[in-house]
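K.L.:
Attaching a single structure in structure tokens format; questions to follow.
Laboratory data are not the source of any read-out in this text; all were calculated from the coordinates shown. In this text the structure is predicted, and so the values were computed from the model without any measurement. Backbone-built Cβ (ideal geometry, glycine too); neighbour counts: all protein chains shown.
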Amino acid sequence: MKKIIRSFSKNLKESFGPGVYQVNGIDVQCVHCKHNRFERGRAQLNTAAATFFNLDFANRSAEILICDQCGYVHWFYKDVKRV
């Protein structure tokens, strides 16, 4: 039983921390330091027209991966998948 709890705890911890990702079937590697673990997030892609009319909420968003080692931010418009 302890083994199961430890395994569950480890998997849970890893799922919320930095991870390894793929985009379009290709493993993501930092272009700056070649590290392969990232924090995941989203960012708004604002346009001048939408901002002018106060419609920023209608703009699309991109997925971002932030390198866990150097902090370089990678932007992706396609789906990012955790491996």
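K.L.:
Among the residues of the stretch 34-48, which ones are farther than 10 Å from residue 63 by Cβ and out of contact with any Lys or Arg (no Cβ under 6 Å at 6 or more places or on another chain)? Write out each step before concluding.
P.N.:
Of the residues in the stretch 34-48, the ones farther than 10 Å from residue 63 by Cβ are 34-39, 44-48.
Passing the criteria: 34, 35, 36, 37, 38, 39, 44, 46, 47, 48.
K.L.:
Now for a different question. If you scan the stretch 37-83, which residues turn out to be assigned to a strand (DSSP E or B) and aliphatic (A, V, I, L, M)? Explain how you work it out, then say what you get.
P.N.:
The initial filter retains those residues of the stretch 37-83 that are assigned to a strand (DSSP E or B), namely 38-44, 61-67, 73-76, 80-82.
Scanning the stretch 37-83 gives 43, 62, 64, 65, 66, 73, 80.
K.L.:
If residue 38 passes every condition in (1) surrounded by 13 or more Cβ atoms within 10 Å (Cβ to Cβ); (2) over 12 Å from the mean Cα position of the chain (by Cα) but one, which one does it miss?
P.N.:
Tallying (1) surrounded by 13 or more Cβ atoms within 10 Å (Cβ to Cβ); (2) over 12 Å from the mean Cα position of the chain (by Cα), residue 38 fails exactly one: (2).
K.L.:
Sticking with this one: Considering only the stretch 50-65, state which residues are touching a Lys or Arg at 6+ places or on another chain (Cβ under 8 Å) and hydrophobic (A, V, I, L, M, F, W, C).
P.N.:
Pass one, the stretch 50-65, residues touching a Lys or Arg at 6+ places or on another chain (Cβ under 8 Å): 61-65.
62, 64, 65, listed by residue number.
K.L.:
Going through the stretch 22-31 one residue at a time, which ones are touching a residue at least 12 places away in the same chain (Cβ under 8 Å) and either on the phi > 0 side of the Ramachandran plot or loosely packed, with under 12 Cβ neighbours inside 10 Å (or both)? Before you say what the answer is, go through the steps one by one.
P.N.:
Start the filter on the stretch 22-31 by keeping residues that are touching a residue at least 12 places away in the same chain (Cβ under 8 Å), which leaves 22-24, 27-28, 30-31.
24, 27, 31, listed by residue number.
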